[in-house]
Amino acid sequence: MNVFQDLATGLSVGLVYGMIGVGFVVIHRITGVVNFAQGDLAVAGAFGAVWAAELVPPEVSVFAGAAVGGLLGAALYWCAVHPLRSQGLLVQTIVTLGAAVVIRSVVQLLFGTKPYAILPFTGGDPLRFGDVSMQRQTVWLAAAALVLYLLLTWFFERTMTGRAMSACAVNRYAAGVVGINATRMAAVAFTLSGAIVGFVTATQAPIAFVTSGVGLALALKGFIAAVLGGFDRIGLALAGGVLVGFVESFTASTISAAYQDVIVLTLLLVLLVARPAGLTRVKVSQRA
Amino acid sequence: MSALEVTGLTHRFGRATVLEDVSFHVDAGEIVTLIGPNGAGKTTLLNVVSRALPLQKGSVRIADVDTSRHRQAQVVRAGCLLVPEGRQVFASMSVRDNLVLGMYTCPHSDQDDQLGRVFALFPELEPRSRQLSGTLSGGEQQMLAVGRAMVSSPRIMLLDEPSLGLSPQLVERIMGALSQLRDEGLTIVLVEQNAAAALRLADRGYLISTGRVLAEGPCDVLAEDPLVRRVYLGGAPVRSTDDLPRTAGSVTQQAPISVTDSRRPT
Ligand SMILES: Nc1ncnc2c1ncn2[C@@H]1O[C@H](COP(=O)(O)OP(=O)(O)OP(=O)(O)O)[C@@H](O)[C@H]1O
Ligand SMILES: [Mg+2]
């Protein structure tokens with residue numbers, strides 16, 4: 001057993017969980033909806049990249065992943081969530097579960113259930129640090145996650161649209177008063193989240209195979225990441241996802257990969273009871 | 001020219017009719033106050049005019065443009081800004097960020113210029129521009145709420161009880177600021193429980209009770225009106241004007257809107 005090897009293994013999958021968690025947080029802060037289709041948006045995005053990788057180099061195909069994820073996110077909002085806006089957040093949340101099934105079925109129809117992979121951005125042997133090995137693609141993935149995180153932070157703090165989205169999160173009524181169209185901001189949030197998770201999952205595709213059925217599992221782990229971020233902080237959600245990735249790889253190497261999900265879901269239960277605010281220090285405030 | 005003209009506005013929450021056939025108008029450069037007891041429907045009225053609530057029945061014209069089909073953001077772009085009840089600042093954001101968000105609909109305006117205007121009117125906000133607005137005092141939050149509405153250079157400002165919970169000196173401060181804004185050409189609709197302060201500042205007023213306009217007139221006349229005194233001093237809200245002695249003077253009681261001549265020159 002090598003702890004450092006587990007960390008290296010857990011990092012790549014953890015970054016995907018973390019970014020899916022970020023997607024949860026972005027949508028929830030601005031709309032109050034918990035988007036359980038997040039994992040299937042990620043998978044659909046990755047398959048978009050698989051398809052594009054036939055035509056373009058892998059490092060370009062991931063942008064197709066972002067485009068597919070973003071378009072589906074927008075479609076999800078306008079076709080399923082927005083029409084139910086008068087029904088309350090619970091109904092809107094449940095419809096995302098239904099949408100997840102629809103997206104999964106369509107992906108399955110197009111690509112079947114067998115695993116797909118795309119080529120890494122840079123070829124060559126895995127990097128070696130002593131007896132720890134790390135795929136080169138993991139470095140690309142970590143860099144992509146870092147850049148995305150910095151871009152998102154800049155977007156929410158420095159651009160007018162980003163500030164307007166934050167304003168909806170802080171006080172939706174007041175946001176309306178200054179002329180911010182909350183519907184448009186919600187649509188941006190769904191599109192942005194879909195694009196992010198599509199991009200990141202596509203970037204991870206050279207490391208792990210993508211199969212059409214993993215969306216729900218991804219969503220659950222991203223959900224745990226979001227809970228760790230108190231459903232409020234994107235940085236903490238990303239860190240939370242990496243933590244979940246570590247827990248998984250430790251479990252796989254010390255006990256058995258078969259127990260991964262049980263351990264992680266138990267962790268979620270314990271977490272929800274013990275620390276409903278996740279890693280944040282403030283208590284989660286009730287949203288009206 | 002009418003800056004704001006509301007005609008036949010009716011609003012229901014479920015089966016409860018909260019506003020019934022409310023009409024009023026405000027000329028450009030005027031300060032008009034809407035006074036009335038708790039639950040009269042004043043906040044609902046401003047929310048419908050600014051389209052924070054949907055317009056169910058009736059029409060709203062802003063600067064002679066029909067806005068009945070406008071959404072909230074379009075009403076803001078048309079230059080009609082609400083300063084809501086309870087201030088509603090973005091509590092976890094800084095004073096400066098609140099003001100910058102006030103410019104959301106006019107991103108090309110000169111930010112420093114607009115912030116300068118606010119800080120000139122409310123100097124106490126300037127040293128606090130990095131402070132989280134949720135930690136401001138009630139008076140400072142009210143100033144911020146007015147400032148946030150100012151920075152988009154509106155034609156009309158709708159203020160919902162800006163004096164609520166403020167000391168008399170602060171009430172005077174806010175009213176003074178409103179008077180100054182009017183001198184700069186702003187048209188103001190002022191909803192107030194504090195009828196005395198509102199009637200002192202405004203040119204004309206409307207008395208609203210249980211969702212109807214009961215009386216309107218120039219403020220000096222309205223202030224002396226027995227109906228106003230009764231609504232404010234008596235317990236039960238007045239349902240109709242029939243059970244009241246007819247007043248002499250020029251207060252129009254729930255009648256076609258009369259144009260009064262007591263306005264100050266604009
Ligand atoms: N969302 C709502 N649903 C149901 N009833 C409502 C709603 N909002 C307001 N009301 C009712 O409408 C009536 C008018 O309320 P409104 O807040 O407009 O009064 P107001 O004149 O602003 O009172 P105050 O001076 O106390 O602020 C009240 O009886 C209130 O209970
Ligand atoms: Mg009110």
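Before moving on, here are some points about what is shown:
- Residue within segment A:148-160 that is among the charged types (D, E, K, R) and more than 28 Å from A:Leu271 (Cα to Cα) present: yes
- Of all residues in segment B:159-175 being of a type in the set (A, V, I, L, M) and within 12 Å of ligand 2 (Cβ to nearest atom), the one that is least open to solvent (accessible area, probe 1.4 Å): B:Leu159
- Being farther than 30 Å from B:Ser94 by Cβ, crowded, with 24+ Cβ neighbours inside 10 Å and away from every other protein chain (no Cβ under 14 Å) is a property that holds for A:Ala219.
- Restricting segment B:160-187 to residues that are of a type in the set (Asp, Glu) and either without any contact (Cβ under 8 Å) to a residue 24 or more places away in the chain or part of a helix (DSSP H, G or I) (or both), the residue that is nearest to ligand 1 (Cβ to nearest atom) is B:Glu172.
- Exactly one residue out of B:Val118, B:Val75 is under 25 Å from A:Met160 (Cβ atoms) and within 12 Å of chain A (Cβ to nearest Cβ), and it is B:Val75.
Here's the yes/no breakdown for (1) at pLDDT 85 or above; (2) open to solvent by 30 Å² or more (accessible area, probe 1.4 Å); (3) not basic (Lys, Arg):
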residue: B:Ser179; (1), (2), (3): yes, yes, yes
residue: B:Thr187; (1), (2), (3): yes, no, yes
residue: B:Gln254; (1), (2), (3): no, yes, yes
residue: B:Thr266; (1), (2), (3): no, yes, yes
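- Scanning segment B:84-115 for residues that are touching a residue at least 60 places away in the same chain (Cβ under 8 Å) and facing chain A (nearest Cβ under 8 Å) yields a count of 1.
- Within segment B:14-46, if we keep just the residues that are touching a residue at least 24 places away in the same chain (Cβ under 8 Å) and open to solvent by 40 Å² or more (accessible area, probe 1.4 Å), the residue that is farthest from B:Tyr206 (Cα to Cα) turns out to be B:Thr17.
- Only one of the listed residues (A:Phe129, A:Phe121) is under 30 Å from A:Asn2 (Cα atoms) and in contact with a Pro (Cβ under 7 Å, 6 or more places away or on another chain). That residue is A:Phe121.
- Subset of segment B:1-48 (residues that are away from ligand 1 (no atom under 12 Å from the Cβ), under 12 Å from the mean Cα position of the chain (by Cα) and hydrophobic (A, V, I, L, M, F, W, C)): B:Leu4, B:Val26, B:Ile31, B:Val32
- Verdict on B:Ser59 being touching a Gly at 6+ places or on another chain (Cβ under 9 Å) and more than 15 Å from ligand 1 (Cβ to nearest atom): yes
- Qualifying positions in segment B:48-67 - under 27 Å from B:His108 (Cα atoms) and either open to solvent by less than 10 Å² (accessible area, probe 1.4 Å) or out of contact with any helix residue (DSSP H, G or I) (no Cβ under 9 Å at 6 or more places or on another chain) (or both): B:Val49, B:Ser50, B:Arg61, B:Ile62, B:Ala63, B:Asp64, B:Val65, B:Asp66, B:Thr67
- Where helices (runs of 4 or more DSSP H) sit wholly within segment A:148-213, those with at least 2 residues that are more than 14 Å from every other protein chain (Cβ to nearest Cβ) occupy A:182-204.
- For segment B:143-159, the criterion of being within 15 Å of ligand 1 (Cβ to nearest atom) and among the hydrophobic types (A, V, I, L, M, F, W, C) is met by at least one residue.
- Only residues that are surrounded by 12 or more Cβ atoms within 10 Å (Cβ to Cβ) and in contact (Cβ under 8 Å) with a residue 60 or more places away in the chain were counted across segment A:109-137, and they come to 13.
The values are calculated or read from the model by the stated rules, or taken from the named source; none is laboratory data. Worth saying up front: this structure is predicted, and the values here are computed from it rather than measured. Using ideal geometry, Cβ is built from the backbone for each residue, glycine included, and neighbour counts are taken over all protein chains shown. What goes into the accessible areas is simple: the full protein's heavy atoms, side chains included, and nothing from ligands, DNA or RNA. Shrake-Rupley method; radii C 1.70, N 1.55, O 1.52, S 1.80 Å.
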